[in-house]
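Take a look at the structure set out below.
Each value in this text was obtained by applying a stated rule to the coordinates, not by laboratory testing. Note that the structure is predicted; figures quoted are calculated from it, not measured. So basically every Cβ, Gly included, is an ideal-geometry build from the backbone, and we count neighbours across all protein chains shown.
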Amino acid sequence: MNISRRQFLDNCAKISSMVFGSCLFTNEIAEGFMKLSATERPQIIFIQSQCCTGCSISATYGNEDDFINFITNIVRLQVHPNLSFSQGHTYLKTIEETVASGPFYLVCEGSVPAGMKEACIFNDEPMYDYLHKLMKKAAAIVASGTCACYGGIPASNQNVTGAISMEAYMKRTGVNKPLIKIPGCPINPDRLMGTVAYIVATGKIPELVKGVPKKYYPDLIHNQCGRYQAFNQGHYTKNFEREKLNCLLKNGCRGPVTYSDCPTRRWNGKVSVCIESNAPCIGCVHPEFPFKTALYLEEESFKDLTWSEMKKMMEK
Ligand code: FSX
Ligand code: SF4
């Protein structure tokens with residue numbers, strides 16, 4: 001698909017706003033992309049291990065930019081398990097050709113079963129054995145979603161498949177490549193597209209804190225929450241039906257221990273965000289998600305604890 005210069009600049013403005021929170025950097029982003037001809041646009045390979053596909057579904061509901069526009073006009077998405085028309089041998093051949101022609105960026109979804117390799121088979125071999133071949137050739141690796149970043153749901157409880165994060169996998173298999181983690185169960189599309197666009201346009205890795213882009217996970221949700229005043233005044237929700245503005249702390253909200261820009265970035269075309277929909281934050285971007293304790297902690301379990309003891313408990 002060809003797009004006009006005006007449409008192209010419009011795309012860059014959206015990306016600028018996604019990455020930097022304003023359109024100030026449109027020209028820099030545009031300049032970065034202008035340097036690349038259509039055939040030089042960065043190639044992306046998406047690969048999925050143990051996940052629910054929720055991240056890919058979520059990726060298609062962008063706030064600032066449309067995912068289909070992103071993958072057709074900004075990057076060259078070569079293969080995607082859910083979006084590619086090709087299947088079987090043609091699909092695998094496209095991966096091989098992309099790896100051979102390089103450079104490419106690898107977006108990984110899901111965690112890798114290290115204890116039960118047969119739990120995830122790709123190209124007739126365990127993903128555990130296949131994945132590092134791709135990783136070794138990739139320019140950089142993006143872990144998309146909490147499962148890829150930290151193990152997530154497949155690694156929870158008894159973890160019968162021995163699921164591990166991409167970082168743990170890379171250490172085990174000796175892959176030394178830049179890794180950018182974009183946690184979220186599921187991922188927020190802005191964070192994925194914005195991070196990939198930033199790397200591609202500037203040739204640099206965004207500023208990271210503990211492996212995640214600072215831009216998207218800058219502060220505790222609690223500190224940015226629209227219900228912070230209710231928290232300060234001790235107005236807690238007792239009845240979900242009647243109370244729509246009170247603090248959800250006593251309903252198990254994990255906003256006080258979760259770093260994310262959810263309150264300002266919002267979801268699904270900026271329609272809403274968990275707390276605004278009267279649902280406690282479940283900490284889906286937190287490294288410990290889905291936690292060993294109950295997802296929604298009950299007031300009973302922390303009623304005698306101090307604030308710092310309570311926060312410690314939330315992170316377990
Ligand atoms: Fe995990 Fe994502 Fe949660 Fe699902 O790719 S982060 S279970 S929404 O799909 O991996
Ligand atoms: Fe903090 Fe959650 Fe209450 Fe918001 S709803 S003020 S994030 S505890």
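Okay, here's what the table says:
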read-out	value
Solvent-free Debye scattering, log10 I(q)/I(0), computed from the Cα coordinates of segment 184-316 at q = 0.22 Å⁻¹	-1.40
Burial ordering of Tyr150, Tyr296, fewest other beta-carbon atoms within 10 Å first	Tyr296, Tyr150
Fewest-first sequence of Met310, Met135 by Cβ atoms within 10 Å of each Cβ	Met310, Met135
Calculated FRET efficiency for the pair Lys171/Ile121, C-beta based, R₀ 25 Å, to 0.05	0.65
Translational diffusion coefficient (Stokes-Einstein; Kirkwood radius from C-alpha pairs) of segment 162-253 at 25 °C, 0.890 mPa s, in µm²/s	150
Percent of Cα pairs exceeding the 20 Å cut-off, where the set is segment 88-152	30
Ranked packing of 179-185, 54-60, 268-274, most packed first, by mean Cβ within 10 Å	179-185, 54-60, 268-274
CD proxy at 222 nm, helix term only [per DSSP H run n ≥ 4: -39500 (n - 2.57); per residue of the chain; nearest 500]	-9500 deg cm²/dmol
Cα Rg over Rh - segment 257-313, Kirkwood	1.01
Listed residues Phe70, Phe289, Phe231, most fluctuating in the chain (Gaussian network, C-alpha, under 10 Å)	Phe231
Equivalent ellipsoid semi-axes - Cα gyration tensor, the chain, angstrom	35, 25, 15
